[in-house]
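Only one structure is covered here, and it is reproduced in the block below.
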Amino acid sequence: MIIKPKIRGFICTNAHPAGCAQNVSEQIAYVKAQGAHTDGPKNVLVLGCSTGYGLASRIVSAFGYGANTLGVCFEKAPTERKTGTAGWYNTAAFHSEASSADLYAKTINGDAFSKELKTDVIEAIKQDLGKIDLVIYSLAAPRRTDPETGDVYKSTLKPVGDTYTTKTYDTDKDLIHDVTLEPANEDEIFNTVKVMGGEDWELWLDALAEADVLAENCTTTAYTYIGKELTWPIYGHATIGKAKEDLDRAAASIIAKHQNVNCKAYVSSLKALVTQASSAIPVMPLYISLIYKVMKEEGTHEGCIEQIHGLFDLLLQASPETDAQNRLRMDGKETNDATQAKIKALWDQVTQENFHEISDYAGYHSEFLKLFGFDFDAVDYDADVSPLADW
Ligand code: NAD
């Protein structure tokens with residue numbers, strides 16, 4: 001099969017197995033180049049391990065710290081006629097590289113929100129690993145079925161309080177235009193908190209503790225985006241921001257409930273970058289294209305792997321520096337006032353005519369394609385490849 005990108009709106013509906021393998025291998029090479037750590041977690045559970053920040057967390061755990069990794073993801077397998085999802089191919093490539101490096105890796109594909117999947121994971125831990133030292137919570141999902149009631153909750157990306165009109169960039173039509181977003185109602189806010197808030201993170205830690213598979217002095221973190229004024233109306237102070245605030249509540253609750261194993265729980269704030277989750281958020285493609293321009297010029301641009309490699313240095317300290325809400329901050333290079341002022345100046349100037357000139361949309365688009373295994377120089381996209389891959 002010759003595989004070329006099929007882009008529909010903010011998503012690419014296919015993926016390239018060799019390109020995804022290239023993506024994984026480049027991230028591994030970055031981590032190896034930073035040097036091996038001898039001290040760190042031995043057994044790491046990564047929830048949302050197949051793409052974006054979760055994949056980077058798995059790669060840093062395995063190739064930076066030599067850890068055994070157990071991953072959970074929700075990905076689609078390929079068939080003879082249709083490619084699998086990028087996360088499927090990333091996971092297959094990760095397994096192949098881990099096996100070559102003699103590193104334990106197991107991945108369970110299914111709904112992380114369900115009780116069944118939690119039971120399967122606990123069984124795998126008991127059988128293969130004993131106890132878990134580090135739990136990374138990196139799920140980004142549009143819906144969640146409540147494991148107790150069976151009710152399905154859907155998240156929305158809407159402002160809270162007032163209607164919000166802003167510039168946005170339509171990646172499909174190559175068009176800068178204004179968009180007016182109506183505020184969410186109470187039900188939509190509640191639903192979003194149910195999906196992307198801390199409830200499931202807490203349920204995971206409860207299930208692991210109850211099964212006695214949390215190691216003494218274990219650590220857990222869930223990822224958030226805080227941002228600044230430009231993104232607050234659609235992120236930080238919007239429905240998704242309400243869900244992310246709930247992570248702070250959950251972190252405190254996890255620490256209080258699992259004192260017997262001295263469990264440390266942090267919310268970690270990461271920078272905005274192109275992932276499957278962020279490209280679906282209105283305004284983000286425009287904002288990210290502008291911050292890429294500014295941060296590349298400043299020499300501070302980072303991708304998932306650089307962010308997570310830096311985060312682990314903090315996360316694994318006995319008493320890392322936190323902000324007033326006990327969060328770990330990896331977003332300073334984006335959210336500092338000087339950088340934000342430059343982004344704001346571009347934001348105010350941007351028009352249909354100058355967008356490609358004053359932004360780094362080319363960089364954004366290339367990274368978007370790379371998420372699905374496209375646009376890597378090292379890959380021959382005219383070659384006939386099998387879409388099949390497994391782990
Ligand atoms: P992503 O879409 O790349 O990854 C999501 C992961 O969750 C994938 O591994 C997917 O398979 C898994 N997943 C989704 N639904 C699942 C389910 N029901 N069961 C099991 N696995 C499931 O997203 P991302 O951007 O890496 O986001 C990860 C976290 O990082 C999120 O909490 C997000 O809010 C946060 N974050 C993202 C950004 C950003 O700019 N992308 C910035 C800061 C924080």
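For the stretch 194-231, taking the residues that are polar (S, T, N, Q) and touching a strand residue (DSSP E or B) at 6+ places or on another chain (Cβ under 8 Å), the one that is nearest to the ligand (Cβ to nearest atom) is identified as Thr224. Annotation: of all residues in the stretch 286-302 being open to solvent by less than 10 Å² (accessible area, probe 1.4 Å) and either more than 28 Å from Pro320 (Cα to Cα) or touching a residue at least 60 places away in the same chain (Cβ under 8 Å) (or both), the one that is farthest from the ligand (Cβ to nearest atom) is Val294.
Using the structure shown, decide if Ile281 is away from the ligand (no atom under 14 Å from the Cβ) and under 30 Å from Asp187 (Cβ atoms). Taking the combined requirement at face value, the residue does not satisfy it. Filtering the stretch 253-276 to residues that are open to solvent by less than 50 Å² (accessible area, probe 1.4 Å), within 14 Å of the ligand (Cβ to nearest atom) and touching a helix residue (DSSP H, G or I) at 6+ places or on another chain (Cβ under 8 Å) leaves Tyr266, Val267, Ser268, Leu270, Lys271, Ala272, Leu273, Val274, Thr275.
Where in the stretch 136-209 are there strands (runs of 3 or more DSSP E), lying wholly inside it, with at least 2 residues that are polar (S, T, N, Q)?
The qualifying strands (runs of 3 or more DSSP E) are 164-170.
The number of residues in the stretch 3-21 being over 20 Å from Ala77 (Cβ atoms) and either among the charged types (D, E, K, R) or at pLDDT 95 or above (or both) comes to 2. The C-beta contact set for the stretch 118-130 (first residue touching a residue at least 12 places away in the same chain (Cβ under 8 Å), second residue open to solvent by less than 20 Å² (accessible area, probe 1.4 Å) and in a helix (DSSP H, G or I), distance under 8 angstrom, 6+ apart or interchain) comprises Lys118/Trp204; Ile122/Leu208; Ile125/Leu208.
Considering the conditions (1) out of contact with any strand residue (DSSP E or B) (no Cβ under 8 Å at 6 or more places or on another chain); (2) within 13 Å of the ligand (Cβ to nearest atom), Arg249 is excluded by exactly one of them, (2).
Counting the residues of the stretch 156-182 that are in contact with a Lys or Arg (Cβ under 7 Å, 6 or more places away or on another chain) and either closer than 30 Å to Phe74 by Cα or of a type in the set (Lys, Arg) (or both) gives 2.
How about the stretch 303-332: which of its residues are open to solvent by less than 30 Å² (accessible area, probe 1.4 Å) and touching a residue at least 40 places away in the same chain (Cβ under 8 Å)? Show your work before the answer.
First, the residues of the stretch 303-332 that are open to solvent by less than 30 Å² (accessible area, probe 1.4 Å): 303-305, 307-312, 315, 320, 328, 331.
Passing the criteria: Gly303, Cys304, Ile305, Gln307, Ile308, His309, Leu311, Phe312, Leu315, Pro320, Leu328, Asp331.
Does the stretch 358-373 include one or more residues that are more than 17 Å from Ile288 (Cβ to Cβ) and away from the ligand (no atom under 15 Å from the Cβ)? The answer is no, given that none of the residues of the stretch 358-373 is more than 17 Å from Ile288 (Cβ to Cβ) and away from the ligand (no atom under 15 Å from the Cβ). If I filter the stretch 219-227 for residues that are open to solvent by less than 10 Å² (accessible area, probe 1.4 Å), modelled with pLDDT of 95 or more, closer than 30 Å to Phe374 by Cα and among the polar types (S, T, N, Q), do I get at least one hit? No; the residues of the stretch 219-227 include none that is open to solvent by less than 10 Å² (accessible area, probe 1.4 Å), modelled with pLDDT of 95 or more, closer than 30 Å to Phe374 by Cα and among the polar types (S, T, N, Q).
Where strands (runs of 3 or more DSSP E) sit wholly within the stretch 35-119, those with at least 1 residues that are more than 16 Å from the ligand (Cβ to nearest atom) occupy 43-47, 68-73. Taking the criterion of being outside any loop (DSSP other than H, G, I, E, B), within 18 Å of Ile226 (Cα to Cα) and within 15 Å of the ligand (Cβ to nearest atom), would at least one residue in the stretch 338-354 satisfy it? Yes, that holds for at least one residue. The set of residues from the stretch 120-135 being part of a helix (DSSP H, G or I), within 16 Å of the ligand (Cβ to nearest atom) and of a type in the set (Val, Ile, Thr) comprises Val121, Ile122. Applying a threshold of 7 Å to beta carbon distances and a minimum spacing of six or more residues, or different chains, the list of pairs starting in the stretch 172-186 at a residue that is closer than 15 Å to Gly241 by Cα and ending at one that is in a loop (DSSP other than H, G, I, E, B) and among the charged types (D, E, K, R) reads Pro183/Lys158; Pro183/Asp162; Ala184/Lys158. Assess whether Lys194 counts as being surrounded by 19 or more Cβ atoms within 10 Å (Cβ to Cβ) and charged (D, E, K, R). Yes.
The residue pairs whose first member lies in the stretch 6-23 and is over 13 Å from Val379 (Cα atoms) and open to solvent by 30 Å² or more (accessible area, probe 1.4 Å), whose second member is hydroxyl-bearing (Ser, Thr, Tyr) and part of a loop (DSSP other than H, G, I, E, B), and whose beta carbons are closer than 6 Å, counting only pairs six or more residues apart or on different chains, are Lys6/Thr13. Within the span defined as the stretch 355-362, one or more residues are touching a residue at least 60 places away in the same chain (Cβ under 8 Å) and more than 26 Å from Ser269 (Cβ to Cβ).
The values are calculated or read from the model by the stated rules, or taken from the named source; none is laboratory data. It should be emphasised that the depicted structure is a prediction, and the values quoted were computed from it without experimental measurement. Methodologically, a virtual Cβ is constructed for each residue, glycine included, from the backbone with ideal geometry; neighbour enumeration extends over all protein chains shown. When the accessible area is computed, the model is the full protein with side chains, heavy atoms only, and any ligands, DNA or RNA have been set aside. Shrake-Rupley method; radii C 1.70, N 1.55, O 1.52, S 1.80 Å.
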